[in-house]
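Some notes on the structure that comes next.
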Amino acid sequence: MKNFLRALRHAWPYRQRLLVSIVCAVCAAVLWGLNFTSIYPVLKLLHTEQSPHRWVDDRIASTQREIEDLEKKTKRCSDEKRQLDKEINDEDADTEGRDVEKEARDLARELLSLESKLGPARRRLYYYQVLRKYIYAFLPADCYQTLAWVIGLVVAGFAVKCFFEFAQESLVGSVVGRSLYDLRNRFYRNVIHLDVDQFGEHGTSELMARFTNDMESLGTGLKTLFGKVVAEPLRALSCVVMACFISWQLTLMFLILVPIAAFILAKVGRLMKQATRRLLERMSSIYKILHESFQGIRVVKAFTMEPYERHRFCLATKDYYHKSMLVVKIDALADPIIELLGVAAVAGALLAGSYLVLQKQTHLFGLRMTEQPLEPEALLNLYILLAAIADPVRKLSSVFTRIQSGCAAADRIFA
């Protein structure tokens, strides 16, 4: 990893491009998450055939009724608590056969519970009133026109997101290309001044392998680091934030498997680095055989050594094939494991959410999951957001193995 970090220094002169690429990745990630939130209004329009104007008015009216009911209960509890406090302080009060202090504690708990519900309800009312202002200002009253407007916004959002993704990939590619250009020139400048004995020690084929195959592996690692390592976590984070607005508790249930996935990726990454180093060494052996046989082709022809050279080359390529298949299997193993963990996490969150929807509950195993019972549309939107989180996480599973391949290549280059 130390040599890989040394390679990163060659990207420092192009930090402005990297900064712009990060800004593009952030914009693409925000649009990625926002596009999935459009599922809720689309499902609501199709299921209830209710215009946004009517929907927001109904929400405001029901929230106002809820607040009025909570305020009445809060006032009643406050009056009863004051009365009990008077009885506790009044020594002449008739409290025979009653545990007045226990009644006061129960009332205090009930009052606290009501006040904890009253605050979120007032915040919801404020948000609905702000939303009503924008709905009446921008959205048409007809359901179908609203649906067409929402779908048009989604398409436009995806188009802008694709532009930002293209810009990020192009900027990252230019930074990696320029970094490798500088690194190759520095490498050649150092090599050309080596002693002749050192050329014989390392071998021309070994140096050529490091100039070509190893440099490309390092470039892939750098591109992965500046590209996917930046973009994919941001995409996942945007979906996590959107899912938390629906139910942060259910989202947390989904994220509980992240440490397990990280542990598996660390194990796979170590195996990948070892396997890649052996693979690069085998490629050097192939370069060596090609160099020797082509440079000494007259000797090979003179002593009819063609079958021997073919056999030697066949053994080297067969060994390279076996090492490359090990790299392929390790790389292919990460995706299914992470995908299985993601599906298991989404299934757990979906089962928990389905229980809350079908039973009209807000608690699960004694823990509050939502402030209000979940709507089916909200649960489906949450499920889609969690599935969207799984996609960047699955792509990140191959990122670690590619960076480890780049680390192995950097070790050979900087040697």
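The values are calculated or read from the model by the stated rules, or taken from the named source; none is laboratory data. Since the structure is predicted, the reported quantities are computational estimates derived from the model, not experimental observations. Ideal geometry is used to build each Cβ from the backbone, glycine not excepted, and the neighbour counts take in all protein chains shown. Surface areas here come from the heavy atoms of the whole protein model, side chains and all, with no ligands, DNA or RNA. Shrake-Rupley method; radii C 1.70, N 1.55, O 1.52, S 1.80 Å.
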**OP:** State the number of residues belonging to region 52-87 that are farther than 27 Å from V241 by Cα and in contact with a Leu (Cβ under 8 Å, 6 or more places away or on another chain).
**Re:** 11
Subject >> Whichever residue in region 256-276 is open to solvent by less than 80 Å² (accessible area, probe 1.4 Å) and of a type outside the set (A, V, I, L, M) and, among such residues, is nearest to the chain's Cα centre (by Cα) >> reply: G269
Original post:
Residue check, K360 against (1) touching a residue at least 12 places away in the same chain (Cβ under 8 Å); (2) part of a helix (DSSP H, G or I), all met but one. Which one?
Top reply: (2)
**OP:** Report, ordered by the first and then the second residue, all pairs with beta carbons closer than 8 Å, sequence separation of six or more or different chains, a first member in region 9-21 that is within 17 Å of V229 (Cβ to Cβ) and part of a helix (DSSP H, G or I), and a second member that is among the aromatic types (F, W, Y) and at pLDDT below 90.
**Re:** A11/F226; L18/F226; S21/F226
Original post:
Taking into account only those residues within region 144-177 that are among the aliphatic types (A, V, I, L, M) and within 30 Å of H10 (Cβ to Cβ), which is surrounded by the fewest Cβ atoms within 10 Å (Cβ to Cβ)?
Top reply: A167
Original post:
Within region 115-143, can you find the residues that are in a helix (DSSP H, G or I), surrounded by 15 or more Cβ atoms within 10 Å (Cβ to Cβ) and among the hydrophobic types (A, V, I, L, M, F, W, C)?
Top reply: L118, A121, L125, L131, I135, C143
Original post:
Going through region 45-54 one residue at a time, which ones are surrounded by fewer than 18 Cβ atoms within 10 Å (Cβ to Cβ) and either closer than 17 Å to F158 by Cα or touching a residue at least 40 places away in the same chain (Cβ under 8 Å) (or both)?
Top reply: L46, H47, E49, Q50, H53
Original post:
Which is part of a helix (DSSP H, G or I), surrounded by 14 or more Cβ atoms within 10 Å (Cβ to Cβ), out of contact with any Cys (no Cβ under 7 Å at 6 or more places or on another chain) and modelled with pLDDT under 80, of L290, L279, L350, L340?
Top reply: L350
Original post:
Can you name the condition, by its number, that L356 falls short on among (1) in contact with a Pro (Cβ under 8 Å, 6 or more places away or on another chain); (2) surrounded by fewer than 16 Cβ atoms within 10 Å (Cβ to Cβ)?
Top reply: (2)
